[in-house]
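Novice: Please see the structure below; I have some questions.
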Protein chains: 2
Amino acid sequence: MTVTLAGLGEAELLRRLARFAPPGQLADDTCTLAADTRQLLVNTDVLVDGIHFSDRTTSPADVGWRAVATNLSDLAASGAVAVDGITVALVAPGSTPWSWVEDLYRGISEALNCYGGILLGGDCSAGTEKLISVTALGRLGPLRLHRGDACPGDWLVTSGHHGLSRLGLALLQGDPTLNGTSALMEALQHQAISQHRRPRPRLDALTTLIENKPENLPWRAAGTDSSDGLLAAVQALCNSSDCGAQLTHDWLPRAEGWPAGELWDQWCLNGGEDFELVLSLPALWAQRWLEHQPDSRRIGCITAGSNQIVWSETRRPVTAAEFDHFGSALNET
Amino acid sequence: MTVTLAGLGEAELLRRLARFAPPGQLADDTCTLAADTRQLLVNTDVLVDGIHFSDRTTSPADVGWRAVATNLSDLAASGAVAVDGITVALVAPGSTPWSWVEDLYRGISEALNCYGGILLGGDCSAGTEKLISVTALGRLGPLRLHRGDACPGDWLVTSGHHGLSRLGLALLQGDPTLNGTSALMEALQHQAISQHRRPRPRLDALTTLIENKPENLPWRAAGTDSSDGLLAAVQALCNSSDCGAQLTHDWLPRAEGWPAGELWDQWCLNGGEDFELVLSLPALWAQRWLEHQPDSRRIGCITAGSNQIVWSETRRPVTAAEFDHFGSALNET
């Protein structure tokens, strides 16, 4: 017989969840973080069943991993050099099997073991749909990355390939769009599914960035992550910095074997959930980082004024395909 | 025409929510907290529509206030002497009117203005039901209150009356249980509804506790808040400290005009959501605190062994009425 959350009851559920935290960690009304001379970075992200994940394409362990990864990605894109941990608010129907929750927290633990930090605390409640709200806490290093610190003349660079997570989703969904593209290299398919299921927060790429700052330059760089897509990330830097940008089509950060064509360019630009760093850096710093960071890529440059993003080859606007959580939800209901 | 979240779209919603935070506070992927020599206290609580609040008894502004109050109450019950602020994850259907969300954040702002701290950051997403997950961050003072630090011989004390929030809910619901009790004093009714709608986190009572520690005593006290009811709070102290407790029936912390009778005793013991401090203190410290803290009350004492709570008058067990979020949700579906 399936053990459900309603069958367990709240007290037993909390007792079982405590096993995923250090002994005694969840014993009090709050948890304590040690005093530290470094500033604290805080981020909250919520993942909702049917919008950010679905049982069809994402195992509960992968949901847990992704909930951590999406939060730590924001910490990395802000300059966090150490992760304290996360709090987790879990909402799920009473009919949810305990095994689903156990796998979710297993995925959470795997991500924390990989990137640092512990399960600091949390809360749980019944609700009509499954969702998880995570708050991550980390420590700021010497470089505070803001979206609004880009300067004209900066190089635009990114820590990795884009579009893979979107391709992974299409492969997992058996998306008919992919018919006729069966010639996709097996390595690319594998890479795409892995990127969708187990995205990596790029704390490593931030470390390389800090290590490779030219001594004569100040700690000034702009950055964000590409959780909403590469183009959305560049647009966020432009809007916050009141600059424009040029992207170079030939430099689109495509993985090896990535096909040519409009669809594939769109997925690369607007696919989302790749969780790579997108940075605006002085040329010298960018060059050094590109040398030392595997798979990092130059994609364009920051220009003066207008908040507009154009192709460097044609000077024509780069078009976005907007994804709106609330709009899409309305369509579903 | 009603403006809904789907009508606004995510970008415009985020722009409007940013008005409830200091300028630029929500501009980056994360927010920063200043380095501080004091330890940080962290708490997460989630409030779900239909379980923790309902449109029938709670206005959206009151939901926002309560979401802050419930979190800050946990901070107070752990020893927080200053509040940094909160992050808010909001989930709501696309059909939710913007006015509901605006009122929610107005209530949040009112509570933060009252108790300190700012809207640090957050996230929002569509979902099938309204819920709000709040993470609060504060700074620890000289006294870290743990649940597990109670000692036999300690006095059990609390910062205020209990059962008022439950009575307030019954009044708002027009609970038939109240028929025949129309003689309830008007002042008590008003107090009960106010306690239900706008519960107070007792940061003030913690301050008094810190100020009144006898110099010769160490910083050792146990505490929690009575969010799940007075008896649940005492039980939590007993379980974590591996002690028992005696409650004195004559000392039940009833408000002025609180009727006698089984139902009223149960509401006082198990009503929940009163958000008072429940403390286990050395007698001398307790006496001084009771002298200086208006409405505080002695309710019993901590005893050796057994985790059992008995009435001091009869030595018979004090009975709990368990509330289980997941069980109750199962009954509803």
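The values are calculated or read from the model by the stated rules, or taken from the named source; none is laboratory data. The model shown is predicted, which means the values in this text are computed figures rather than measured ones. Methodologically, a virtual Cβ is constructed for each residue, glycine included, from the backbone with ideal geometry; neighbour enumeration extends over all protein chains shown.
Novice: Since B:Ile132 meets every condition but one in (1) closer than 20 Å to B:Asn71 by Cα; (2) aliphatic (A, V, I, L, M); (3) surrounded by fewer than 16 Cβ atoms within 10 Å (Cβ to Cβ), which condition does it not meet?
Specialist: Failing condition for B:Ile132: (3).
Novice: Pairs please, first residue from the stretch B:59-86 and away from every other protein chain (no Cβ under 14 Å), second anywhere and assigned to a loop (DSSP other than H, G, I, E, B), Cβ atoms under 6 Å, 6+ apart in sequence or on different chains.
Specialist: From residues that are away from every other protein chain (no Cβ under 14 Å), the pairs are B:Trp65/B:Arg198.
Novice: Out of the residues in the stretch A:139-160 meeting the condition of being assigned to a loop (DSSP other than H, G, I, E, B) and surrounded by fewer than 24 Cβ atoms within 10 Å (Cβ to Cβ), tell me which one is nearest to the other protein chains (Cβ to nearest Cβ).
Specialist: This residue is A:Arg144.
Novice: Follow-up. Of the residues A:Gly117, A:Gly160, A:Gly121, A:Gly94, which is in contact (Cβ under 8 Å) with a residue 60 or more places away in the chain and touching an Asp or Glu at 6+ places or on another chain (Cβ under 6 Å)?
Specialist: None of the other options fit; the residue is A:Gly160.
Novice: Can A:Ala136 be described as under 15 Å from the mean Cα position of the chain (by Cα), over 18 Å from A:Leu281 (Cα atoms), of a type in the set (A, V, I, L, M) and outside the structural domain of A:Pro259 (by TED's automatic domain parsing)?
Specialist: yes
Novice: Another question, then. Taking the condition touching a helix residue (DSSP H, G or I) at 6+ places or on another chain (Cβ under 8 Å) and at pLDDT 95 or above, does A:His325 pass?
Specialist: No; evaluated as a whole, the condition is false for this residue.
Novice: If you don't mind, there's one more thing I want to ask. Could you please find all residues in the stretch A:117-131 being more than 9 Å from chain B (Cβ to nearest Cβ) and within 13 Å of A:Ala21 (Cα to Cα)?
Specialist: A:Gly117, A:Ile118, A:Leu119
Novice: Taking the stated definitions as given, is B:Arg166 within 14 Å of chain A (Cβ to nearest Cβ), over 30 Å from A:Asp228 (Cα atoms), buried (at least 18 other Cβ atoms within 10 Å of the Cβ) and not small (Gly, Ala, Ser)?
Specialist: no
Here is a yes/no grid of residues against (1) in the same structural domain as A:Gly244 (by TED's automatic domain parsing); (2) within 21 Å of the chain's Cα centre (by Cα):
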| site | (1), (2) |
| --- | --- |
| A:Pro97 | no, no |
| A:Tyr115 | no, yes |
| A:Lys130 | no, yes |
| A:Leu167 | yes, yes |
| A:Leu172 | yes, yes |
| A:Leu188 | yes, yes |
| A:His196 | yes, yes |
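Novice: Of the conditions (1) under 17 Å from A:Ser125 (Cβ atoms); (2) surrounded by fewer than 19 Cβ atoms within 10 Å (Cβ to Cβ), A:Arg38 fails just one. Which one is it?
Specialist: In the conditions (1) under 17 Å from A:Ser125 (Cβ atoms); (2) surrounded by fewer than 19 Cβ atoms within 10 Å (Cβ to Cβ), A:Arg38 misses (1) alone.
Novice: B:Leu47 passes all but one of (1) touching a residue at least 24 places away in the same chain (Cβ under 8 Å); (2) under 25 Å from A:Gly50 (Cβ atoms); (3) surrounded by fewer than 21 Cβ atoms within 10 Å (Cβ to Cβ); (4) of a type outside the set (Asp, Glu); which number fails?
Specialist: (3) is the only condition that B:Leu47 fails.
Novice: Okay, next question. If the requirement is being closer than 18 Å to A:Thr87 by Cα and not in a loop (DSSP other than H, G, I, E, B), which of these qualifies: B:Ala136, B:Ala82?
Specialist: B:Ala136
Novice: Now for a separate question. Could you please find all residues in the stretch A:1-56 being within 16 Å of A:Leu104 (Cα to Cα) and hydrophobic (A, V, I, L, M, F, W, C)?
Specialist: Within the stretch A:1-56, A:Val3, A:Leu5, A:Leu13, A:Leu14, A:Leu17, A:Ala18, A:Phe20, A:Ala21, A:Val46, A:Leu47, A:Val48, A:Phe53 meet the criteria.
Novice: May I pose another question? Does the stretch A:276-285 contain any residue that is at pLDDT 95 or above, within 16 Å of A:Asp204 (Cβ to Cβ), of a type in the set (Asp, Glu) and surrounded by 23 or more Cβ atoms within 10 Å (Cβ to Cβ)?
Specialist: Scanning the stretch A:276-285, I find at least one residue that is at pLDDT 95 or above, within 16 Å of A:Asp204 (Cβ to Cβ), of a type in the set (Asp, Glu) and surrounded by 23 or more Cβ atoms within 10 Å (Cβ to Cβ), so the answer is yes.
Novice: Another one. If the Cβ limit is 7 Å and pairs must be 6+ apart or interchain, which residue in the stretch A:9-23 that is away from every other protein chain (no Cβ under 12 Å) pairs with which residue that is surrounded by 12 or more Cβ atoms within 10 Å (Cβ to Cβ) and of a type in the set (A, V, I, L, M, F, W, C)?
Specialist: From residues that are away from every other protein chain (no Cβ under 12 Å), the pairs are A:Ala18/A:Leu26; A:Phe20/A:Ile108; A:Phe20/A:Leu119; A:Ala21/A:Ile118; A:Ala21/A:Leu119; A:Pro22/A:Ile118.
Novice: Right, here's the next one. Please verify whether the stretch A:52-62 includes one or more residues that are over 29 Å from B:Ala221 (Cα atoms), assigned to a loop (DSSP other than H, G, I, E, B), in contact with a strand residue (DSSP E or B) (Cβ under 9 Å, 6 or more places away or on another chain) and not assigned by TED's automatic domain parsing to the domain that holds A:Gly223.
Specialist: Among the residues of the stretch A:52-62, at least one is over 29 Å from B:Ala221 (Cα atoms), assigned to a loop (DSSP other than H, G, I, E, B), in contact with a strand residue (DSSP E or B) (Cβ under 9 Å, 6 or more places away or on another chain) and not assigned by TED's automatic domain parsing to the domain that holds A:Gly223, which makes the answer yes.
Novice: Next question. Can you spot a residue in the stretch A:199-218 that is farther than 30 Å from B:Thr30 by Cα, in contact (Cβ under 8 Å) with a residue 60 or more places away in the chain, not acidic (Asp, Glu) and not in a loop (DSSP other than H, G, I, E, B)?
Specialist: No, the stretch A:199-218 has no match at all.
Novice: With the structure loaded, tell me whether B:Arg166 is in contact (Cβ under 8 Å) with a residue 60 or more places away in the chain and assigned to a strand (DSSP E or B) or whether it fails that test.
Specialist: No, not satisfied.
Novice: Just checking, how many residues over the stretch A:10-44 are in a loop (DSSP other than H, G, I, E, B) and either in contact with a His (Cβ under 7 Å, 6 or more places away or on another chain) or not assigned by TED's automatic domain parsing to the domain that holds A:Pro97 (or both)?
Specialist: 1
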